[in-house]
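Here the structure comes first, spelled out in structure tokens, and everything after it is commentary.
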Amino acid sequence: MRSARANVAYRRLSTAAASSSSDDARFLWSLQPFRSTRSLGFTSNDELPVAMQQLRAEAAACIPKRRAGDFVRIAADALQMLGALPSHHRLWFDSKVAFVREPGPAAPIFNAVMAKVFNKACDHSSACEYRLTNTSAGYATSGQKGVGKSTVLRACTALAATLLPNVVSAYVDAHAHMQCINGKAPSSSPFTMLREALLARKDALLAEGIPTAMFESLSDAGDANDIACLAAQHGLVTMLAIDEMVCVYPSADIWMQLHQLATHSSTALFLADSTSRLREIVQSNSNSRSSALTKRRFGMTQPSLNDTKVAHISLPPFTERSQYSAYLSARFPSSHADTLGIDVDRLHALTGGRVRSISNVCTSIDEHKEYASPPTVPPTGSWQRFVLDRLRDLQEKAGYTSPFQMVSVPFEDIVRWRAVWQRSATASGVQQAGAASAAAARAATLADEPACGWDVVEDLIDEDVISAVYAGDEDAASPAYTFATPAQYLKLAGLTRAHRGGAATAS
């Protein structure tokens with residue numbers, strides 16, 4: 001039974017949505033409160049390391065027969081254990097955001113990353129009975145902000161070194177690392193994290209039989225390739241995860257070291273970024289459209305990390321009701337998905353399927369706080385609003401009425417809309433001003449060669465106006481594009497709530 005306090009919060013939220021006259025207030029969502037989560041049974045900080053040691057032993061038993069599938073399942077269990085720890089514990093991980101179980105969209109990413117690291121570890125372990133030609137380095141993952149890319153990478157980085165004795169792993173937030181401090185460039189390379197990771201594991205690695213001489217030689221390792229080679233000489237696999245990857249692309253030195261790591265058989269390399277540029281810079285070459293685009297943006301084209309070395313995979317948001325049911329059941333194990341009282345259509349419309357936003361909504365209501373985040377839409381006359389209005393018109397023309405069914409358009413349509421908007425703005429003498437129109441002003445000055453269209457589309461993605469939709473074909477020339485969240489359409493269409501059974505309620 002819900003507490004009286006939760007009921008009061010629910011009534012206040014519902015009343016605010018029903019009574020306010022403003023558009024934003026009418027868009028508030030009245031979600032049912034959740035039941036409190038239940039502990040999974042860990043009563044002390046000392047209990048988990050013992051349980052983790054058991055999982056570590058089970059993971060080691062997978063190496064001789066190269067049982068990658070069993071190892072991935074063990075890793076998922078280990079992640080759940082980390083999430084059950086008190087938040088102040090050094091091994092705690094927010095499993096509410098790191099939802100890597102099927103049918104969640106992050107599950108294939110988690111499985112692929114952990115399987116890749118496991119196979120690399122097998123190839124360099126004397127216990128493994130057979131070897132594979134494991135030349136590909138890893139994966140480059142792109143997706144909207146908030147879909148869980150960073151969380152999955154951090155989880156995999158922690159689990160790899162915890163479960164596999166011959167793996168040393170490091171996670172780098174490139175945006176934070178490359179930021180200038182007091183006008184000065186960063187004093188160290190992000191690859192120094194590999195050196196620090198080896199030194200941090202010194203005691204454990206010495207216990208595993210790694211000689212002291214290796215750590216003495218670390219100070220002489222000049223770059224990332226030297227560190228990886230030194231580790232490989234002693235049967236170690238280095239795993240490096242770099243988030244916000246676009247930030248390091250302009251640095252020729254960092255990119256060359258990255259290129260060397262991508263070709264090193266004992267290195268597992270995983271990249272992530274929130275913009276659509278990641279795929280272009282990883283796979284660009286001198287004869288491609290992506291080369292022209294990256295040269296326009298950065299002033300140079302770096303050597304390709306083509307998909308035989310670092311394959312591109314996209315991480316989409318939640319797109320199916322079954323994914324919400326699985327997430328809610330995993331987060332609230334004391335309840336059942338069908339008894340939580342949650343209108344999943346409304347939840348999807350508000351969050352756009354981004355697991356970070358879903359977690360924020362669930363946390364706020366579970367803690368009896370009022371939470372509402374009405375969508376913002378660009379002002380009338382702006383380029384961004386023009387795109388959203390065209391998408392809205394197509395949505396209504398198609399007769400789609402569910403937040404899980406949003407219309408999508410190809411790249412060429414958006415480029416054509418830009419040309420129409422530019423002619424209209426020029427003819428009417430509309431003057432755009434402010435930060436919201438900065439991307440439109442820049443787009444209007446671009447040359448008319450094909451590459452400029454990609455600049456425009458990427459700006460719309462960066463500003464959270466639209467999102468990319470990969471229809472299961474990562475090799476397609478380009479994805480389709482739709483609303484960044486279904487709530488954008490509902491706001492523009494004058495609808496105050498997502499609906500059930502096909503009937504929408506007009507404001």
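The values are calculated or read from the model by the stated rules, or taken from the named source; none is laboratory data. Predicted model only: the values in this text are computed from it and were never measured. So basically every Cβ, Gly included, is an ideal-geometry build from the backbone, and we count neighbours across all protein chains shown. Protein only, heavy atoms only, side chains kept; ligands, DNA and RNA dropped before computing areas. Shrake-Rupley method; radii C 1.70, N 1.55, O 1.52, S 1.80 Å.
To the nearest 10 square angstrom, how much accessible area does Thr263 have with a 1.4 angstrom probe?
Result for Thr263: roughly 80 Å² accessible.
Determine the per residue accessible area of region 115-233 with all protein chains present and a 1.4 angstrom probe, expressed in square angstrom. Kindly include the intermediate steps, with their values, before the conclusion.
Details: 5200 Å² over 119 residues.
Heavy-atom SASA per residue in region 115-233 reads 44 Å².
For Ser217, what accessible area in Å² do you get when you roll a 1.4 Å probe over the heavy atoms of the protein chains, rounding to the nearest 10?
50
So for the pair Thr376, Ala427, with labels modelled 7 Å out along Cα→Cβ, what separation do we get in nm?
3.1
Grab the beta carbon distance between His89 and Tyr400, set R0 = 51 Å, and tell me the FRET efficiency rounded to 0.05.
Using R0 = 51 Å, I get an efficiency of 0.65.
Rounded to the nearest percent, how much of the accessible area of region 82-222 (1.4 Å probe, protein heavy atoms only) is carbon and sulfur?
52
At R0 = 25 Å, how high is the FRET efficiency between Thr212 and Ala61 if r is their beta carbon distance? Nearest 0.05 is fine.
Efficiency at R0 = 25 Å is approximately 0.30.
Along the positive direction of the dipole of region 84-241 (beta-carbon charges: Lys, Arg +1; Asp, Glu -1; about the Cα centre), which of Thr135, Pro86, Ala160 reaches farthest?
Checking the options against the dipole of region 84-241, the answer is Pro86.
Suppose accessible area is computed on protein heavy atoms with a 1.4 Å probe; arrange Arg354, Arg390 from highest to lowest.
So, going from the largest accessible area down, we get Arg390, Arg354.
As an exercise, identify the trypsin sites (Lys or Arg not before Pro) in region 59-120 lying in DSSP coil whose Cβ has no more than 10 other Cβ atoms within 10 Å.
Sparse-neighbourhood loop trypsin sites (Lys or Arg not before Pro): Arg90.
Hey, if we sort Ser87, Ser126, Ser408, Ser274 by accessible area with the 1.4 Å probe, largest down, what's the order? Don't skip to the answer; put the middle values down first.
Numbers: Ser87 85, Ser126 120, Ser408 60, Ser274 20 Å².
Ranking Ser87, Ser126, Ser408, Ser274 by accessible area, largest first, yields Ser126, Ser87, Ser408, Ser274.
Stretch Ala127-Leu199 to full length: gain in nm at 0.36 nm per residue minus the Cα-Cα span?
Contour length minus the Cα-Cα distance gives 23.5 nm.
Among Lys120/Lys149; Lys65/Lys202; Lys65/Lys120, which pairs are too far apart, with a Cα-Cα distance over 20 Å?
Working: Lys120/Lys149 22 Å; Lys65/Lys202 28 Å; Lys65/Lys120 14 Å.
Violating the 20 Å limit, Cα to Cα: Lys120/Lys149; Lys65/Lys202.
Would you work out what percent of the accessible area of region 231-271, with all protein chains in place, is carbon or sulfur (probe 1.4 Å)?
Solvent-exposed carbon and sulfur of region 231-271 make up 53 percent of the total.
Ignoring ligands, DNA and RNA, how do Thr275, Thr301 rank by accessible area with a 1.4 Å probe, largest first?
Thr301, Thr275
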